[in-house]
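Presented below is the structure to which this report refers.
The values are calculated or read from the model by the stated rules, or taken from the named source; none is laboratory data. Note that the coordinates shown come from a computational prediction; the quantities given were computed from them, not determined experimentally. Positions of Cβ are generated from backbone atoms using ideal geometry, with glycine treated the same way; all protein chains shown enter the neighbour counts. Only protein heavy atoms, including side chains, enter the accessible area calculation; ligands, DNA and RNA are left aside. Shrake-Rupley method; radii C 1.70, N 1.55, O 1.52, S 1.80 Å.
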Amino acid sequence: MTVVLALFASFFIGISDFLGGTASRTRSPLETSVVLQLAALVTLVPIALLLGASDLTVHDAGLGAVSGLATSVAYVGFFHAIGRGRMSIVVPISAAVTALLPAIVGVAQGNALSTVALGGVLCALVAIPLVAYETDDGEDAVAGEWPAARQVIVSILCGCGFGVYFICVGHTHRSAGLWPTVANLAVAVAVTVPIAIRGNLMPTPGRASRVAIAGGVALGVADVALTTALQRGPLTVASILGNLYPLVTIALGVTVLGERVRLWHAAGILLAVAGVAMIAAGQ
């Protein structure tokens, strides 16, 4: 069941990232984040009520709330980076860092990295320059696009924010149901909505991006599966399969938006995905 849930989550996370990134190319990244998070929250709450929770503790809700502070910032940065950069750079790097962070936390807690996990770290480190490399002939340049170095830095920071979510939700109890993730989204919305209102970036329901709304619904569906997979475990299996979403996002970027993936980009993408899998498997 964990395998099926994690694969299901990965598929819909990839769709959500693609739709959110597409919306952020014509709308403010902050506006896109707010709409996406609100749509995800509206999607998730009824399902959480339906499934219920036998024992929701302050500890579990608190972990969800803490992760919401991190992901609220990470989503804005992530969609900004996709809107001003390339999915083939931003997505695999952020995914690799999302897997690296729990490994680093484990080391800090006294857990030694296995040989498999160490190999995953090396794969991720090699992948970063490969997916970020661009030729100097200007052939791939796009007006208004961020330099590759800036895309890499922002992607790393966003990956750290998303990694906090995996760490926090992975430490909640199955008896808490989906409510830790509901707390995550509620806090994220509470942080971003006031900022959007102050900046006159809060759209009315009729003017909200339909693409971002669809991305939020996809995220809500993904959160149901991912939260359940992380709580049911084994955590390594859920982490491996839940972090395969870059393949979905990048495939959509290539087929729908016509993004070009060079040979070294493809190698970097494969290494990033392999690194994610190895890090999760070796924990």
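Got a number for residues in the stretch 48-76 being over 18 Å from L219 (Cα atoms) and at pLDDT below 90? Total satisfying the criteria: 5.
Got at least one residue in the stretch 227-234 being surrounded by fewer than 23 Cβ atoms within 10 Å (Cβ to Cβ) and either of a type in the set (V, I, T) or touching an Asp or Glu at 6+ places or on another chain (Cβ under 9 Å) (or both)? Yes: one or more hits. Take C160 and tell me if it is surrounded by 20 or more Cβ atoms within 10 Å (Cβ to Cβ), in contact with a Leu (Cβ under 6 Å, 6 or more places away or on another chain) and either within 25 Å of L100 (Cα to Cα) or not aromatic (F, W, Y) (or both). Here the answer is no, as C160 does not meet what is asked. Annotation for the stretch 77-95: at least one member residue is modelled with pLDDT under 90 and charged (D, E, K, R).
When the stretch 185-211 is limited to residues that are within 21 Å of T249 (Cβ to Cβ) and touching an Asp or Glu at 6+ places or on another chain (Cβ under 8 Å), the one that is modelled with the highest pLDDT turns out to be L185.
Within the stretch 178-189, not a single residue is open to solvent by 30 Å² or more (accessible area, probe 1.4 Å), under 19 Å from V273 (Cα atoms) and in contact with a Gly (Cβ under 7 Å, 6 or more places away or on another chain). With the structure loaded, tell me whether P102 is in contact with a helix residue (DSSP H, G or I) (Cβ under 9 Å, 6 or more places away or on another chain), more than 17 Å from V191 (Cα to Cα) and modelled with pLDDT under 90 or whether it fails that test. So P102 fits the description; yes.
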